[in-house]
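Peer 1: First the structure, then my questions, so here it is.
The values are calculated or read from the model by the stated rules, or taken from the named source; none is laboratory data. Remember, predicted model here, so these are calculated numbers, not experimental data. For neighbour counting, all protein chains shown are included, and Cβ atoms are generated from backbone atoms with ideal geometry for every residue, glycine included. Accessible surface is based on the protein model in full, side chains and every heavy atom, while ligands, DNA and RNA are left aside. Shrake-Rupley method; radii C 1.70, N 1.55, O 1.52, S 1.80 Å.
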Amino acid sequence: MNLLKENIDQQLITAAQFIKDALQDEPDYFEIESEDEDKETLVLDKKLKKLSFKEIPPIPFGGRVAAIDGGSATLLSARSFVLGVYRSGYVIFQNQKRVEEKINPLALEIVSYGNMEAKYKNAFFKLARENPSETPEMFKILDRLRLFSEWSLAVELVEKLNEGDVILIDGSLRAS
């Protein structure tokens, strides 16, 4: 038993030293997490000096441009429930000036096995006016509620803006 304790003690010391060393080193890269779980994390080398981006020439445009985005965060993930927050909003620009914005209040959600189906179905129905064919896993519900909030804003903007105006929708929005 004493040998086992010494072995565990040594492993803990080794792990602690690794963490200490890792915290002192500055990484040579940036990591950008993808919101889509099917996509890999984007890793960019900090030493890049020149990127192959090209400037898009300005074009005359007198209309309005609206942009929609949102965010969500899981505060606590337990075996039988998830506690999290989400919010969404939009801004409208015209002639290079912000002319309007709407930011929905932060929504605090407790999603559990007992309420996840009702929360998802209610939010889906409010947006699509039909029932969903299935309910995603519990830990995905919070992001879906944010997604539905963003799409609701898109619907609102389609009704508010004129023909020829532009709506920029965050890349995590999907048409499915």
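Peer 1: Using θ = phi - 60° and the Karplus curve 6.51 cos²θ - 1.76 cosθ + 1.60, what whole-Hz ³J(HN,Hα) does each residue of segment 10-17 get, with Gly and Pro shown as x?
Peer 2: Listing the rounded values in order: 5, 5, 5, 5, 4, 5, 5, 5 Hz.
Peer 1: Calculate, for the chain, the solvent-accessible area per residue in square angstrom, rolling a 1.4 angstrom probe over the heavy atoms of the protein chains.
Peer 2: 78
Peer 1: Right, something else. Here is the link list: LYS126/LYS160; LYS20/LYS46; LYS46/LYS102; LYS54/LYS97. Which ones come out longer than 26 Å on Cα distance?
Peer 2: LYS46/LYS102
Peer 1: Tell me the label only: which of (1) 0.93; (2) 1.16; (3) 1.12 is Rg/Rh (Cα atoms, Kirkwood Rh) as calculated from this structure?
Peer 2: So the structure-derived entry is (3).
Peer 1: Dipole of segment 22-145, Cα-centred, from +1 at each Lys and Arg C-beta and -1 at each Asp and Glu C-beta, to the nearest 20 debye?
Peer 2: So the magnitude is around 680 debye.
Peer 1: Remind me, relative contact order of the chain in percent, using alpha carbon pairs under 8 angstrom and six or more residues apart?
Peer 2: Contact order relative to length: 20 percent.
Peer 1: Please list SER133, SER152 in order of solvent-accessible area, largest first, computed with a 1.4 Å probe with all protein chains present.
Peer 2: SER133, SER152
Peer 1: Something else now. Can you compute 3J(HN,Hα) from phi for each residue in segment 77-93, using the Karplus curve 6.51 cos²θ - 1.76 cosθ + 1.60 with θ = phi - 60°, rounded to whole Hz and x for Gly and Pro?
Peer 2: 10, 10, 5, 10, 7, 10, 10, x, 10, 8, 7, 8, x, 9, 10, 10, 10
Peer 1: Here is a further query. If you line up the long axis of helix 116-128 against the longest principal axis of the chain, both from Cα atoms, how many degrees apart are they, to the nearest 10?
Peer 2: For 116-128 against the chain, the angle is about 20 degrees.
Peer 1: Please report, as a whole percent, how much of the solvent-accessible surface of the chain comes from carbon and sulfur atoms (probe radius 1.4 Å).
Peer 2: 55
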